[in-house]
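Just so it is clear, none of the values below were taken in a lab; they were calculated from the coordinates. Keep in mind that what you see is a predicted model, and the values were worked out from it rather than measured. Using ideal geometry, Cβ is built from the backbone for each residue, glycine included, and neighbour counts are taken over all protein chains shown.
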Amino acid sequence: MSETHPSKDLTGSKSNLLKDRKVALCITGSVAAIKCPEISRELMRQGAEVYAIMSTMAQKIIHPYLMEWATGHKVVTELTGKIEHVTMAGEFSEKADLVLVAPATANTIGKIACGIDDTPVTTVVSTALGSGMTVMVVPAMHESMYRHPVVTENVRKLQSLGVEFVMPRVEEGKAKIADTKEIIETVVHRLTTKKDLAQKKVLVTAGPTLEYLDPMRVITNRSSGKTGVAIVEEALSRGAEVTLVYGLGNAKPSVGAKTISVETTQEMYEAVVSELKSQKYDVMIAPAAVADWTPERRYQHKVPTSIGNQLTVKLNPTPKIIDVVKKISPDIFLVAFRAESNVSDEQLIQSAYKRLKKAKADLITANDTGRKGVGFSCDTNEVFIIDENKKVIHVPLTTKREVAKKLFDIVIDKLKEKPCTHTRNISKN
């Protein structure tokens, strides 16, 4: 029989951002421990190896067998002659890269702050702090406990020691554990080594826009916003300050970005123009699926079906957002997007390159939404990235986050080729 646990089959299924990274997941006796299998599996989907450490009280909430199933590793429930706290968090070559305490009760936070080591969890955390490891704490408790001045002081004390907190959602009288997505994003952000966009400002447009025929009917497209959100997440993980101008996509925007919500193309146009005029951005990436046409007449009331057998609608073109970017901000690094359907690779590349030249973009990313697993509403994409010299880089079908990673690798290389332009631009401000 194979020694590989079947649960590990999902490792890296979403991305390899955490490939070769080890996360020590310390679980305490909060009812929020029921979220730990989900947290573990999502970390694994990003490529991580997850090792669970459970306090005695945590084992009364969920069984260690469940966490062994979730992670594919035997769970640490007590410290033995194998000195698990040292191998996991001490001066040891194969120790974890990050200790994640999720959920963290008020009791555990207090013990960590006072250096008390009386559970496998608190001993692992103390060892990690002593060895200079990254420690992240995700509180979960009743709201009144969370507001206790001593708990508040303990949180501040740990923050002053370099412990990072993912703060809870305070609702229904409880300080509930943060959303799994937020926890995963924070871990990925902390463990991603590339910070090549530090001190850079990135503007992203994403999602579909819609154009109203009447208060109930619109013209739009099937864009989910997933590509834009993946680009935002990648930019944040590399240290950028990110603003997202977001249409009505169904992908949840990243918590670390400033988000400006819009509906129509005109609203997106005005938001982009306002951002570009009000502050200096280094990079703009525009995967938004903007509606190209809008009804000439917008009815103020629902158009009744009783008006006849036909309704004639005259459409006018919407403003081209991408064409004004360089006019407002000439030195910005602009990445345009081009979508076609059921065309050859050569036709796709030629169409994209023409669009790049018209917009004076630095790069353009092109895809064919007629292909299986590509573009709208998918978690995957296949793209061609074309530069101003018509150099083409093909990114085969992969996750949208991996596409974003590859795109930023190219953007960073291009920015390095133009240091003088961007230095002058910064000095103007």
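Before moving on, here are some points about what is shown:
- Using 0.36 nm per residue and subtracting the Cα-Cα separation, the extra length available between Lys82 and Thr312 on full extension is 75.1 nm.
- Lys60/Ser160 FRET efficiency (R0 41 Å; Cβ-Cβ; nearest 0.05): 0.80
- Net charge contributed by nearby residues that have their C-beta within less than 12 Å of Ile109 (K/R +1, D/E -1): +2
- Cα shape, segment 201-427, gyration tensor, a/c 1.5 rule: prolate
- Phi-derived couplings, Karplus 6.51 cos²θ - 1.76 cosθ + 1.60 at θ = phi - 60°, listed residue by residue for segment 173-184: x, 9, 9, 6, 4, 4, 4, 4, 4, 5, 4, 5 Hz, with x used for Gly and Pro.
- For the chain, alpha-carbon Rg relative to the globular expectation (2.2 N^0.38 Å, N residues): 1.13
- Contact order for the chain, expressed relative to its length and based on alpha carbon pairs under 8 Å spaced 6+ residues apart, stands at 11 percent.
- Lysine pair count for segment 12-191 [Cα-Cα under 22 Å; pairs on different chains or 8 or more apart]: 27
- The gain in end-to-end length when the Ser344 to Arg190 segment is fully stretched comes to 51.4 nm, 0.36 nm per residue minus the alpha carbon separation.
- Backbone N atoms of segment 324-357 closer than 16 Å to the 7 Å Cα→Cβ label point of Asp292 belong to residues 337-344, 347-357.
- Take the convex hull of the alpha carbons in segment 1-107; its mean projected area over all directions comes to 7.2 nm².
- Restricting the GluC sites (Glu not before Pro) of segment 157-229 to loop positions (DSSP other than H, G, I, E, B) with no more than 13 neighbouring Cβ atoms within 10 Å leaves Glu172.
- Cα-projected label distance for Glu38 with Glu172, points at 7 Å along beta-carbon direction, nm: 1.2
- Taking amide H positions as modeled 1.01 Å from N, with prolines and chain starts lacking one, the residues under 5 Å from Lys174 and 5 or more places away or on another chain are Glu143.
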